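A quick write-up on the structure given underneath.
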Amino acid sequence: MRTVATVGVYQSNLEDFLDTLRRHQAAMVVDVRQRRGVRGREYAWANSLRLQAALAQAGILYRHDPELAPPTELRQLQYREDDRLRVGKRSRVELADEYRRRYLHEVLDQVDLGAILGSLPEDATSALLCVERDARACHRSLIAARLQDQYGVPTINLVPGPPLRR
């Protein structure tokens, strides 16, 4: 069965990131970032070329779908809301209502999600990649929710890192 996962970069490292993808048998990473770089030396592994090389070595396909990325104006809207709430991008826990509404209308309503879904590997998990750790704080959660609602695709939010101990 085709499954869509979401995965972020923050508060992770390459080893934990790849282990999480392997644990969930991800066959492909779909990069939904507009700009495929991450600031900070600790996240250099997530910059596009390094990430692609690491995924290839792990046997995981990589694809960039820029049509699913929020445009600069929408990202700036979210940053202003983050500033108003005094939260940083790395600590945000949810998206602004206006950002969510506009992303759905201006981006997701304009793309053929059925075609995108059809291009993902069958009987495998494909992970939508962006930077925020918590999917609720990122547009990738909106993509996954739309795929689930419109196409019945099972979705899961992955959080890289060592498994929680009980």
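Working out 0.36 nm times the residue gap between HIS24 and ALA56, then minus their Cα-Cα distance, what length gain in nm do you get to one decimal? If you can, show how the numbers build up before the last one.
Numbers: separation 32, 0.36 × 32 = 11.52 nm, distance 1.67 nm.
Gain in length upon complete extension: 9.8 nm.
Once the chain from GLN11 to GLN150 is taken as fully extended at 0.36 nm per residue, the excess over their C-alpha distance is 46.9 nm.
With a cut-off of 8 Å between alpha carbons and a minimum separation of six or more residues, what is the relative contact order of region 3-158 in percent?
On the way: 224 pairs, mean separation 69.4, N = 156.
Averaging sequence separation for qualifying contacts and normalising by length gives 44 percent for region 3-158.
Which listed residue (ILE156, VAL38, GLN76) has the Cα farthest towards the positive end of the charge dipole for the chain, taking +1 on Lys and Arg C-beta and -1 on Asp and Glu C-beta about the Cα centre? Final value for the positive-end residue is VAL38. Springs between Cα atoms under 10 Å define the GNM used for the chain, and in it the highest mean-square fluctuation of VAL131, VAL38, VAL111 occurs at VAL111.
Rounding to the nearest 20 debye, state how big the charge dipole of region 3-158 is about its Cα centre with +1 on each Lys and Arg Cβ and -1 on each Asp and Glu Cβ. Intermediate results must be reported in sequence, preceding the final value.
Values: 23 positive and 22 negative charges, 123 e Å.
My answer is approximately 580 debye.
For the chain, the mean residue ellipticity at 222 nm estimated from helices alone is -11500 deg cm²/dmol, where every DSSP H run of n ≥ 4 contributes -39500 (n - 2.57) and the total is divided by all residues, rounded to the nearest 500.
No lab work stands behind these numbers, since they all come straight from the coordinates. Quick caveat: nothing in here was measured; it's all calculated off a predicted structure. Because the Cβ atoms are built from the backbone with ideal geometry, glycine has one as well, and the counts that use them run over all protein chains shown.
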